[in-house]
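We did not get these values from a lab; they are worked out from the coordinates using the rules stated. Keep in mind the model is a prediction, meaning the values are calculated, not measured. Counting neighbours? That spans all protein chains shown, and the Cβs are built from the backbone with ideal geometry, glycine included.
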Amino acid sequence: MTVRTRIAPSPTGDPHVGTAYIALFNLCFARQNGGKFILRIEDTDQLRSTKHSEQKIFESLHWLGLEWDEGPDVGGDFGPYRQSERTQTYQDYAQKLVQAGHAFYCFATPEELSQMRQEQMAGGGTPKYDGRGLAISTAEVESRLAAGESHVIRMKIPDEGNCQFEDMLRGTIDIPWSQVDMQVLIKADGLPTYHLANVVDDHLMNISHVIRGEEWINSAPKHQLLYQYFDWQMPKLIHMPLLRNPDKSKLSKRKNPTGVNFYRAMGYLPEALVNYLGRMGWSMPDESEKFSLEQMVECFDIKDIHLGGPVFDTEKLDWLNGRWIREELDEQEFRKRLVEWALNDDKLRQIIPLVQGRIEKYSDLASIAGFLLSGIPEIDAQSFEQGKLEVEENRKVLQYSSWLLDSIHEWDRDILYRCLNSLADAMEFKLKDLMLPLFVAITGQASAPPLFDSMVILGPDIVRARVRHGLEKLGHPSKKQLKKLDKDYQRFNLALS
Ligand code: GLU
């Protein structure tokens, strides 16, 4: 059997270290077995998928040196590798399931389904699709389809018994069918859901092993059933342990920066980040802590993965990165990497207009512009006391700004200005007052060049991390407060880039 593995990211946000982690293990397993590693873009969620995010996924994986053999940008014999270009294929396969009696049409409106769920919950049950579409006669289905009524296609699920499936690391997993919903396969917009598209593509792309995060375990019964309905052989499944914060909760950007580009912007070496991700749930046979991608590929054995939640701890990453810098870069290489990172002409060209008019001698430069090259500023709750706003207001500003900045894709001065200006309007604050907590969180100092220009130079990953860090220093809102803030924020309905 030719080993073929894949990662299938959805381009709906910044490339996550979790994606790089899963990519790394897929790549190692494929290379170790003389197989192929494929990149497929799962962009069936039209509202959330963007080309920008797809591009950033490519860039960050290239930067890490996790190269794929087939994918949307490099081609291959099993394309297209972007699900939005395969819509008809999914339609055809869904039709086959309907014809074979494994799937059915459902015309229930979202309102009807929400009422169904409410009634189930009121009766003490767990909300679940009740199979109402199955009761519609073929003749009625045909006439409603002919009349153009909005519909979805759902898969049938056995009424009783358990689904058993094999995971190469976890052995047999047993999930009662009563916990599995009659999954929508084709949505009302005619596009497939993840489940249908993922199974069809894994089959058509000859994927032999599906290595993905453990959050997908509960999807496996549906997938296995789809393979049975189609009479296809299912790839072997391997569910990797989830990355965790040091407090063992699921890795989240609230507690740890999670974007690959953050680590790049902070000046970590790609080799060190890959090395660190390789240690998440796996170790070298001789337990050595520092190893290259090539060494990992050579020694990798999927059976050695341990399932205890691996902790992504930036302090350990710092230590490892330091070792890479000291032990692997000679002076010339160090110089080259430093220049590539930030000490280059492009960067200087951006910085000079901001500082030239503000200094009296070159030696003033470091104190004025040092924050443009440093990491997370050292601030505390008192740092925010200098402005007009109360603590609670500062906290709101940072929380709203954090959400707002997360949603800005085109990171340019005018757009940043427009967005923060509309936030100030919505909060009924002067822009100047709203900017102060941001200024403190982002620059960490009392005087600095203009903030919007500085934000452009720092880039989205560092700015977002600094704003979140400011929020942490002020004290994150409680869960209850957060809910209320989220509601208010939605009401602001801020115009985005
Ligand atoms: N599109 C899914 C994701 O975003 C892929 C999951 C899988 O590997 O099956 O992670």
Inset, instruction - Starting from the alpha-carbon convex hull of region 381-497, give the projected area averaged over all orientations, in nm². - result: 6.4
Inset, instruction - Could you tell me which trypsin sites (Lys or Arg not before Pro) in region 1-88 are loop residues by DSSP with no more than 16 other beta carbons within 10 angstrom of their beta carbon? - result: R48
Legend entry - Mean Cβ neighbour count within 10 Å, used as a protection proxy, ranking 463-471, 224-232, 160-168 highest first: 463-471, 224-232, 160-168
Inset, instruction - Give K388/K432; K156/K187; K248/K487; K396/K480; K361/K432; K128/K222 a once-over and call out the pairs whose C-alpha atoms are over 18 Å from each other. - result: K248/K487; K361/K432
Inset, instruction - Please report, in cubic angstrom per residue, the volume enclosed by the convex hull of the alpha-carbon atoms of region 289-403. - result: 229
Legend entry - Whole-percent pair-distance distribution, where bins are 10 Å wide, for the alpha carbons of region 216-265: 20, 30, 23, 21, 6
Inset, instruction - May I ask what percent, to the nearest 5, of DSSP beta bridges between residues of the chain are antiparallel? - result: 55
Inset, instruction - Could you list the GluC sites (Glu not before Pro) in region 408-497 that lie in coil according to DSSP, counting only those with at most 15 other Cβ atoms within 10 Å of their Cβ? - result: E410, E428
Inset, instruction - Can you check what the net charge comes to around M205, using other residues whose Cβ is under 13 Å from the Cβ of M205 (Lys, Arg +1; Asp, Glu -1)? - result: 0
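Provide the percentage of antiparallel DSSP beta bridges, counting only those with both residues in region 149-273; round to the nearest 5.
60
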Inset, instruction - Among C299, Q332, P241, flag the residue with its Cα farthest along the positive direction of the charge dipole of region 237-364, charges on Cβ as +1 for Lys/Arg and -1 for Asp/Glu. - result: P241
Inset, instruction - Return the inverse of the average 1/r over all pairs of distinct C-alpha atoms in the chain, which is the Kirkwood hydrodynamic radius, in Å to one decimal. - result: 25.6
Inset, instruction - Give the calculated FRET efficiency between R349 and Q88 to the nearest 0.05, with a Förster radius of 45 Å applied to their Cβ-Cβ distance. - result: 0.40
Inset, instruction - Compare the peptides 284-293, 195-204 by average per-residue count of other Cβ atoms within 10 angstrom and give them in order, highest first. - result: 195-204, 284-293
